[in-house]
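Asker: What follows is a structure written as structure tokens; I'll ask about it next.
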Amino acid sequence: MSNLDPTNAIGVLAYEATIAQLQAAMDSGAISAEALTMACLERIEALNRAGPCLNAVIEISPSALKTAISLDTERNAQGPRSPLHGIPILLKDNIDTLDDTATTAGSLALLGSRPATEATVASRLRAAGAVILGKANMSEWANFRSTASSSGWSARGGQARNPYVLSRSPCGSSSGSAIAVAASMCVVAIGTETDGSISCPSALCGVVGIKPTVGLTSRAGVIPISFTQDTVGPHARCVADAATVLGIIAGPDPRDPATAAAADHVRPDYRTCLQADALCGARIGVLRSERFAGFGRHVEQAFANALTAMIDAGAHIVDPVTLPNELLAFSEAELTVLIYEFKDTLNRYLASRVPDPQATAPPPRSLAELIAFNERYAEHELRFFGQELLLQAAAVGDLNDLAYQQALAASRDTVRQALDTVLYEKQLDALVAPATGLAWPIDLIAGDRYPGGSSSLAARAGYPMVTVPAGMAFGLPIAINFIGGAWSEPMLIRLAYAFEQATRWRHPPTYRLWLEGDNELPTVTA
């Protein structure tokens, strides 16, 4: 636990340090990738299953330290490959890797098989010289298994905990990725989002999250839910680090046809968008909706403070911007789209997995076999909540069904038109809204008490969103979402960076056991 000591030199460098600071330290010889990786591994050992027991990391790669040593040798001989050379990173456990770790979406069902190929984003990170530490815990099957789930729980990883107040939810599904970054168990991490799975954990765990336009980053080799909404993006402690990672993983990929359009929009380096004065003259629309009322007065006050900070920085605030309530929240039409696409994409993904010769039982090769697996091992998989969403998906037809086509038009197409129209007619650079409410108490029996969020507009449209810290209440983080049109990542990064630099409202986690009024720390092991 030496790296938890602020007097320790490596601890000072590793804890809360940015990518740019770490690269400068490695270039000067003050720290090595080996030492940095060791510091992260020691911190995982101290915080993950011991200490506050964050349960943010499912599995560590045994080759991570060897990789770091090799990268140090390479740096000394020929310099760094990229801004991520030697930087320790965690991947969400639904991102396929061909290494010494499994990829399971948090489920015991996939321990009996391996991916046939590696995810494109993982390969790009390796090529950039990143040190892949292992896999982060997540809401099992990306929170698309039950309507009564507890975010951050998986059969493999147990219940992940919010690093600010341990009895509170970290949200999901990219729970472990956001927790690990907040707690400096890694420098940056990769998450995935279908609707809120990058944004909500970022908000509740006090970190930055970028949910890219669908098609900017490849989903090839990522365990799927929806080909119209799934996207891959970074978690980081600052906007600059998130932008750095996005530049590495973004771009066309022949394995994912949705990325073909990215060729005309991708930036080779999103760090060029880091402009501290970007709020000056920007036109930002304030999303107002009764659906946000449940976030509570503390979030409302923090949001008001955030708008004041933007005005002080020179932004022109258009307030209010209203859209129909049915476009701002998870809807029946969106659920129908996800259920149909989940069945189609998951069946194809499971069929592509390679059985492990040492497995004691054959792995599921279809959604139907996955459901049967969960029933067979119900004491582990169905201990706290069921698999209603899997059963609903198994019962629907194929993508030619009229019900699917109508739902897609009502969910994605309608939202796109409304968002494009309001951005154009009001000449807005972006929309802003509170991300969600305060983190709720973990309840494995009753499930999440999710107060709602502002992620669905961007999720249903397939458009980008950046989540950035915007204050604290009761020691819990509060965040806002910047939302834009398709391929508007450069503008959103500019605005989020300028807001971050003007406010600097993020604070490191405190690992409190519970808040006053919480009865006791719940039992949250698997």
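The values are calculated or read from the model by the stated rules, or taken from the named source; none is laboratory data. Everything quoted here is computed from the prediction, not taken from an experiment. Neighbour counts are summed over all protein chains in view; Cβ atoms, including those assigned to glycine, are modelled from backbone coordinates with ideal geometry. Note: areas computed on protein heavy atoms with side chains; ligands, DNA, RNA excluded. Shrake-Rupley method; radii C 1.70, N 1.55, O 1.52, S 1.80 Å.
Asker: Which residues, taken from the range 288-298, are open to solvent by 30 Å² or more (accessible area, probe 1.4 Å) and assigned to a helix (DSSP H, G or I)?
Answerer: Answer for the range 288-298, where residues must be open to solvent by 30 Å² or more (accessible area, probe 1.4 Å) and assigned to a helix (DSSP H, G or I): Glu290, Arg291, Ala293, Gly294, Arg297, His298.
Asker: Considering Asp413, Asp448, Asp443, which residue is within 30 Å of Arg348 (Cβ to Cβ) and part of a loop (DSSP other than H, G, I, E, B)?
Answerer: Of the residues listed, the single one that is within 30 Å of Arg348 (Cβ to Cβ) and part of a loop (DSSP other than H, G, I, E, B) is Asp448.
Asker: Sticking with this structure for a sec: Just to be sure before I move on: is Leu399 in a helix (DSSP H, G or I) and within 24 Å of Ala333 (Cβ to Cβ) in the structure I sent?
Answerer: Spelling it out, it is not the case that Leu399 is in a helix (DSSP H, G or I) and within 24 Å of Ala333 (Cβ to Cβ).
Asker: What number goes with the only condition from (1) open to solvent by less than 10 Å² (accessible area, probe 1.4 Å); (2) among the small types (Gly, Ala, Ser); (3) part of a loop (DSSP other than H, G, I, E, B) that Gly285 does not pass?
Answerer: Failed condition: (3).
Asker: Only one of these is touching a Gly at 6+ places or on another chain (Cβ under 7 Å) and either more than 22 Å from Asp256 (Cα to Cα) or free of Cβ contacts under 8 Å to residues at least 24 places away in the same chain (or both): Gly158, Gly209, Gly233. Name it.
Answerer: That would be Gly209, the only listed residue that is touching a Gly at 6+ places or on another chain (Cβ under 7 Å) and either more than 22 Å from Asp256 (Cα to Cα) or free of Cβ contacts under 8 Å to residues at least 24 places away in the same chain (or both).
Asker: Residue check: is Thr421 within 30 Å of Ala309 (Cβ to Cβ) and of a type in the set (Val, Ile, Thr)?
Answerer: yes
Asker: Out of everything in the range 443-491 that is polar (S, T, N, Q) and touching a Pro at 6+ places or on another chain (Cβ under 7 Å), what residue ends up being farthest from Leu307 (Cα to Cα)?
Answerer: Ser488
Here is a yes/no grid of residues against (1) out of contact with any Gly (no Cβ under 8 Å at 6 or more places or on another chain); (2) among the aliphatic types (A, V, I, L, M); (3) surrounded by fewer than 24 Cβ atoms within 10 Å (Cβ to Cβ); (4) assigned to a loop (DSSP other than H, G, I, E, B):
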position: Asp72; (1), (2), (3), (4): no, no, yes, no
position: Leu91; (1), (2), (3), (4): no, yes, no, no
position: Leu98; (1), (2), (3), (4): yes, yes, yes, yes
position: Gly134; (1), (2), (3), (4): yes, no, no, no
position: Ser146; (1), (2), (3), (4): no, no, yes, yes
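Asker: Please enumerate the residues belonging to the range 261-274 that are open to solvent by 70 Å² or more (accessible area, probe 1.4 Å) and in a helix (DSSP H, G or I).
Answerer: Asp264, Arg271, Thr272
Asker: Check the range 488-495 and report whether any residue there is surrounded by fewer than 19 Cβ atoms within 10 Å (Cβ to Cβ) and assigned to a helix (DSSP H, G or I).
Answerer: Looking for residues that are surrounded by fewer than 19 Cβ atoms within 10 Å (Cβ to Cβ) and assigned to a helix (DSSP H, G or I), one finds at least one in the range 488-495, hence yes.
Asker: With Thr97, Thr104 as the choices, which residue is under 30 Å from Ala155 (Cβ atoms) and in contact with a Pro (Cβ under 8 Å, 6 or more places away or on another chain)?
Answerer: Thr97
Asker: Please return the ranges of helices (runs of 4 or more DSSP H) entirely within the range 148-256 where 2 or more residues are open to solvent by 10 Å² or more (accessible area, probe 1.4 Å).
Answerer: Because the criterion is at least 2 residues that are open to solvent by 10 Å² or more (accessible area, probe 1.4 Å), the helices (runs of 4 or more DSSP H) in the range 148-256 that meet it are 239-249.
Asker: Here's something else I'd like to know. Do we find a residue being within 26 Å of Ala148 (Cα to Cα) and either open to solvent by 20 Å² or more (accessible area, probe 1.4 Å) or more than 18 Å from the chain's Cα centre (by Cα) (or both) anywhere in the range 473-483?
Answerer: Yes, some residue in the range 473-483 is within 26 Å of Ala148 (Cα to Cα) and either open to solvent by 20 Å² or more (accessible area, probe 1.4 Å) or more than 18 Å from the chain's Cα centre (by Cα) (or both).
Asker: Here are some residues: Ile179, Ile223. Which one is closer than 20 Å to Ala459 by Cα, at pLDDT 95 or above, among the aliphatic types (A, V, I, L, M) and out of contact with any His (no Cβ under 7 Å at 6 or more places or on another chain)?
Answerer: Ile223
Asker: For residues in the range 30-49 being part of a loop (DSSP other than H, G, I, E, B) and open to solvent by 60 Å² or more (accessible area, probe 1.4 Å), which is nearest to Ile69 (Cα to Cα)?
Answerer: Among those residues, the one meeting the criterion is Ala30.
Asker: Against the conditions (1) buried (at least 24 other Cβ atoms within 10 Å of the Cβ); (2) of a type in the set (Gly, Ala, Ser); (3) under 22 Å from the mean Cα position of the chain (by Cα), where does Ala102 fall short? Just the number, please.
Answerer: (1)
Asker: Please work out which one of (1) over 18 Å from Val286 (Cα atoms); (2) touching an Asp or Glu at 6+ places or on another chain (Cβ under 8 Å); (3) not polar (S, T, N, Q) is the condition Asp401 fails and give its number.
Answerer: Among (1) over 18 Å from Val286 (Cα atoms); (2) touching an Asp or Glu at 6+ places or on another chain (Cβ under 8 Å); (3) not polar (S, T, N, Q), Asp401 violates only (2).
Asker: Sticking with this one: Which ones in the range 422-436 are touching a helix residue (DSSP H, G or I) at 6+ places or on another chain (Cβ under 9 Å) and either outside any loop (DSSP other than H, G, I, E, B) or free of Cβ contacts under 8 Å to residues at least 12 places away in the same chain (or both)?
Answerer: Ala430, Leu431, Val432, Ala433, Pro434, Thr436
Asker: Considering each of Leu408, Leu419 in turn, give the residue that is surrounded by 21 or more Cβ atoms within 10 Å (Cβ to Cβ), of a type in the set (A, V, I, L, M) and either free of Cβ contacts under 8 Å to residues at least 12 places away in the same chain or not in a strand (DSSP E or B) (or both).
Answerer: Unique residue meeting the criteria: Leu419.
Asker: Quick check: anything in the range 388-401 open to solvent by less than 10 Å² (accessible area, probe 1.4 Å) and either hydroxyl-bearing (Ser, Thr, Tyr) or closer than 30 Å to Val318 by Cα (or both)?
Answerer: No, the range 388-401 contains no residue that is open to solvent by less than 10 Å² (accessible area, probe 1.4 Å) and either hydroxyl-bearing (Ser, Thr, Tyr) or closer than 30 Å to Val318 by Cα (or both).
Asker: Report whether or not Asn400 is closer than 19 Å to Thr436 by Cβ and not hydrophobic (A, V, I, L, M, F, W, C).
Answerer: no
Asker: Let me ask something else. Listed residues Arg297, Arg267, Arg271, Arg283; which is of a type outside the set (Asp, Glu), within 17 Å of Leu492 (Cβ to Cβ) and over 25 Å from the mean Cα position of the chain (by Cα)?
Answerer: The conditions single out Arg283.
Asker: Oh, and also: Leu108 versus (1) of a type in the set (A, V, I, L, M); (2) out of contact with any helix residue (DSSP H, G or I) (no Cβ under 8 Å at 6 or more places or on another chain); (3) surrounded by fewer than 22 Cβ atoms within 10 Å (Cβ to Cβ): which is the lone unmet condition?
Answerer: Tallying (1) of a type in the set (A, V, I, L, M); (2) out of contact with any helix residue (DSSP H, G or I) (no Cβ under 8 Å at 6 or more places or on another chain); (3) surrounded by fewer than 22 Cβ atoms within 10 Å (Cβ to Cβ), Leu108 fails exactly one: (2).
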